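Undergrad: Can you read through this structure? Questions will come right after.
Please treat every number below as a calculation from the coordinates, not as lab data. Nothing here was measured: the structure is a model prediction, and the numbers come from that model. Heads up, the Cβs are rebuilt from the backbone with ideal geometry, glycines too, and the neighbour counts pull from every protein chain shown.
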Amino acid sequence: MQEIFQNIYSQMLDPGRIPIAMAAWLLAGIAGLITGPMHGNANPFLWLIFDKTIGRIGGRLDNRDRTQSDLFSRGFFITMLGLVAAFGLGLLAERLVAAKPFHNITEILLLSFVLTAGTVWFALMQLYFAMRDGKSSKGAYFTIAHSTRTDLSGSDDFGITRAGMSLAARAFDKGLAAPVFWYVLAGLPGAYLYAGLAFFAWRFGRDGFSKGFGKTALALEKLMGYAPHLLSGLLLAAAGLFTPAAGMTRAFIGQLFGPGKAKYEEGGLPVTAIAFALHVSLGGPSTDLDGSAIKRGWCGPKDATARLEKGHLRRAIYISLMAHLLFMVSLAGMLFWAGQLF
């Protein structure tokens, strides 16, 4: 039986990619903490490039006055165009690695373009320090707003904190676990293809409340993202064991049986894990940067508070850090299973 599992493992996964993924995570973490978010975007660098190019084209086409069928066809076209571009970039990256490997440095750098880690921690810590010191931090608010595509102009500190905590969970899922999952399975083309899908779901999906333009991206992203999504929820719940005033058991129970679970499009199991681990309410209705109403449901235990303060944000940052470390431990475990760790 063990031999059967090892054969399946060797056919589906390339263990040689795991150390590269770990190094790319380390690069994304350190570089992000040093430089901070670029143009107020804490998401992967590829998302930023797409947002400045094809995202602007899509923004013009996503006219809410159009019919649902018209928006769907427009969204389908722009999403397919973007996926071709993302996959093409992945193939180009793979060829560049083959031509100029530089002891795997090229591949590490190119993979880091579809990951995010340090920029999210930078933004959340900037917000935490501003709240702790009682100061206004326009840079932190702008980054949280832009990275979550949420209009925070009329929000209080509680609403901004909820958005930041949700960003910690969703960035771990879509900006680390999922692209690394597809990189290990399919190399750079797989990672870039998923990152392109995740961008379109983030930019036009509106957490499932798209009138039609983002429907294609949402459906395809869920197809590719569901398996790593389960892993993200598991690791964030497990991170509650190592976080002060958090609970691992209630996070697992909340994901399995909690009536306050978040829908997949609204953050799903990762957001649910943080909400139940810290016994808080996340989510809730909001308005996106395009002025569309996002009728997001509330996530968390029934008796939990939505009046979140700096202490809640600090523990969310801690959970995020622990989840990242657990993810690296999981990758090391895969290497050990493959007999390549020692």
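Undergrad: Pick out which of G190, G311, G75 has the largest mean-square fluctuation in a Gaussian network model of the chain, springs linking Cα atoms closer than 10 Å.
TA: In the Gaussian network model the winner is G311.
Undergrad: Pick out which of K302, K310, K263 has the largest mean-square fluctuation in a Gaussian network model of the chain, springs linking Cα atoms closer than 10 Å.
TA: Top of the fluctuation ranking is K302.
Undergrad: Additional query: Among the listed pairs K174/K215; K222/K295; K211/K310; K135/K261; K52/K261, which have their C-alpha atoms separated by more than 29 angstrom in this model?
TA: K211/K310; K135/K261; K52/K261
Undergrad: For K295, project a label point 7 Å along Cα to C-beta. Then give me every residue of the stretch 199-231 with its amide nitrogen under 12 Å of that point.
TA: Counting backbone N atoms under 12 Å from the label point, the list is 209-210.
Undergrad: Quote the Stokes-Einstein diffusion coefficient, in whole µm² s⁻¹, for the stretch 112-212, based on the Kirkwood radius over alpha carbon pairs, a temperature of 10 °C and a viscosity of 1.306 mPa s.
TA: 109
Undergrad: Using Cβ contacts closer than 10 Å as the measure, can you line up L241, L176, L236 from fewest to most?
TA: Sorted ascending by nearby Cβ count, the order is L241, L176, L236.
Undergrad: If you don't mind, another one. How do T249, T143 rank when sorted from fewest to most other Cβ atoms within 10 Å of their own Cβ?
TA: T249, T143
Undergrad: Oh, and also: For the pair F129/Q68, report the inter-label distance in nm, with labels modelled 7 Å from Cα in the Cβ direction.
TA: Distance between label points: 4.8 nm.
Undergrad: Over the chain, with a Gaussian network built from C-alpha contacts below 10 Å, which listed residue (R296, R95, R170) shows the highest mean-square fluctuation?
TA: Most flexible of the set in this elastic network: R95.
Undergrad: For a test of the definition: using alpha carbon positions, the gyration tensor, and the 1.5 limit on a/c, classify the stretch 143-283 as rounded, prolate or oblate.
TA: oblate
Undergrad: Here is a further query. Would you work out which of V120, S210, F336 lies farthest towards the positive end of the dipole of the chain, given +1 charges on the beta-carbon of Lys and Arg and -1 on that of Asp and Glu, about the Cα centre?
TA: S210
Undergrad: Quick check on the exposure proxy: order F45, F276, F327 from fewest to most C-beta atoms within 10 angstrom.
TA: Listing F45, F276, F327 from fewest to most nearby Cβ atoms yields F45, F327, F276.
Undergrad: Give me the distance between the Cα centres of the stretch 75-95 and the stretch 160-182, rounded to whole Å.
TA: Each part reduced to its Cα centre gives a spacing of 22 Å.
Undergrad: Turning to a different aspect of this structure: For semi-axes √(5λ) of the Cα gyration tensor in Å, several values are listed as (i) 43, 29, 19; (ii) 29, 26, 19; (iii) 48, 24, 14; flag the one computed from this structure.
TA: This structure yields the entry labelled (ii).
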